[in-house]
1. Which peptide among 118-131, 140-153 comes first, and what is the full order, when sorted by highest mean count of other Cβ atoms within 10 Å?
2. Return the sequence-ordered ³J(HN,Hα) values of segment 455-460 in whole Hz as given by the Karplus equation 6.51 cos²θ - 1.76 cosθ + 1.60 applied to θ = phi - 60°, using x for Gly and Pro.
3. Using DSSP, restrict attention to beta bridges with both residues in segment 176-290 and report what percent are antiparallel, rounded to the nearest 5.
4. Rounded to the nearest whole Å², what accessible area per residue is found for segment 1-112 with the 1.4 Å probe?
5. Find the eigenvalues of the gyration tensor of the Cα atoms of the chain, then list the square roots of 5 times those eigenvalues as equivalent ellipsoid semi-axes, largest first, in whole angstrom.
6. Fully extended, how many nm does the chain gain between residue 528 and residue 47 (0.36 nm per residue separation, minus their Cα-Cα distance)?
7. Starting at the first residue of segment 167-172, write each ³J(HN,Hα) from the Karplus equation 6.51 cos²θ - 1.76 cosθ + 1.60 with θ = phi - 60°, in whole Hz, x for Gly and Pro.
8. Quick one: what Rg and Dmax do you get for segment 60-114 from the alpha carbons, in Å?
Amino acid sequence: MLINGSQIVIECLIEQGVDTVFGYPGGCILNIYDELYKNSNRITHILTAHEQGASHAADGYARSTGKVGVCMATSGPGATNLVTGIATAYMDSVPMVAITCNVGKALLGRDSFQEIDITGVTMPITKHNFLVSDIKDLAQTMREAFVIAKSGRPGPVLVDILKDVTAPTNMFEFEPSKNPDEIALEALNKTNFKRAVTVSAPDEEELKAAAELINNAKQPIIYAGGGVRISGAEAELLKFAEKAQIPVSESLMARDCFPATHPLCTWMVGMHGTYASNMGITESDLVIAIGARFSDRVYGDSSKFAQHAKILHIDIDPAEINKNINSDSCIVGDVKEVLNKLLPMVNEVKRDEWVNQINEWKKTYPSCYDKDPKDSINPKFICETVNKIAGENTFITTEVGQHQMWTAQFYPFTKPRTFVTSGGLGTMGYGTGAAMGIQIGNPKARVVHIAGDGSFRMNCNELSTIGYYNLPLVIVVENNNALGNVRMWQRLFYGKRFSQTTLDRGPDWVKLADAYGIKGYRATNSKEFEKVFKEAFESGKPAIIDARVDKDEMVLPMVPGGKPIYNMIMELSKEIMSND
């Protein structure tokens, strides 16, 4: 059928099963927005308050549904406002397609109004990007973008389209396809993208070598990463761990990949990991890294990481093998497929002595705080209360900072894909947009967003989106009137010189909520918090809770940057904790 470029974009989105896009219009992308208007019965557009909010919403939508998230923006500042969200998705391997439109061909390269080389800007933070200057390339490019985004190790792809290509009078013959991915793959397999979209079957010799390592190990431990979730291999991980009786430690991105209540779960590993996880890695004789990239926040001092252990690394991306930590053996492949093939090769054994040691560490050094504050709320209590009232099927999002680490340390996740947070990039302001995307992608589910006051203020403009679309999000702002994580480092390592980390200014979150037509609550102690959270959650409407947390509440355990992960600060002296 003979249609224009803007119509081709819409038809390609429909081919991919896209039902929702997040974005913000502008001059160069108006032609596409005109077609979105005409096709509003086929695709829902969510207008965010800012393009960054759109990118984070597309990210949250993708992480929670497993589909490709889609966001849109115009040229220049519209496109650059997507950059942080694209980088966030890139660091955490999230499938996303970002569509931008640039100035017309005659104006390109002339420093025209709102012109930016967005493909040049985003080259380091996308799996790939495209500049479409001819309508004949548009459909194929769109199809390739989706295949690249969701194949192999997922990631964001940007498609920048010149305005001429989307003009109403620029027509081209479009052939609809029921198998657009096959068309794209056929072309991509002839190019250097073959490795990026094609995953080879696990090597049999690698599988045998791995099984031998596992069967001979006395004190093995699993280090599970975000690749477990991306692959959808949570059930396989559970079977594998149970059969071989291997404790499971988790990266931040894998906190919902293994049931927190399971006896083999040691919870998070690394800088703010549990004593059981960090000592389990340190004392193990085999570390089995599954879908993990060995972040510096996990290994600390690489020269002293798991010194007594062999390393078995399982990952879909060969570039991750031996990148940060050298492995003794590896399997390159999709985690789900690898675990399925490895399971029958692994012996069913009892490692009672090792598991008992792990459990002793868990019992002796639990993740809890002794104090029960009277004029503030314990972060552990917040997590326990939210879980008790909201239930295990509720999605939990966070921003980045102390509240994020407390959530990772204390929230007992038992269901896959229920914890959504920014890991690799550590993006403050991420969680609000992500919560919107999750709620829209999962309309029958509930979402609770646990935020810090420092992070939340960065994108609190999205309250306009939440209020307009009546999204039943409950936002818990753990308000300590500080950039808590940075303040904590200043207390420990900078002589208590709290430079620019005290947030002794507005807004009043309850009044701000009211300005957007959202119900606001304030809680200054545990009893008040439990009461108002229950009321807010059961209302089924958007709500904000200003939950007061002590500004000197710490995130413990803590491994100082660059130190071995067994060098944990478990508690602080009165001298360190005193205010000067």
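1. Sorting 118-131, 140-153 by mean packing, highest first, produces 140-153, 118-131.
2. 6, 5, 5, 5, 10, 5
3. Around 0 percent of the beta bridges assigned by DSSP in segment 176-290 are antiparallel ones.
4. Ligands and nucleic acids excluded, the figure is 32 Å² per residue.
5. 39, 32, 20
6. Here the answer is 169.7 nm.
7. Rounded to whole hertz, the list is 4, x, 8, 8, 9, 7.
8. Rg, Dmax (Cα atoms, Å): 13.6, 41.
The values are calculated or read from the model by the stated rules, or taken from the named source; none is laboratory data. The structure presented is a predicted model; accordingly, all values stated were derived computationally and were not measured. Positions of Cβ are generated from backbone atoms using ideal geometry, with glycine treated the same way; all protein chains shown enter the neighbour counts. For accessibility, only protein heavy atoms count, side chains too; no ligands or nucleic acids. Shrake-Rupley method; radii C 1.70, N 1.55, O 1.52, S 1.80 Å.
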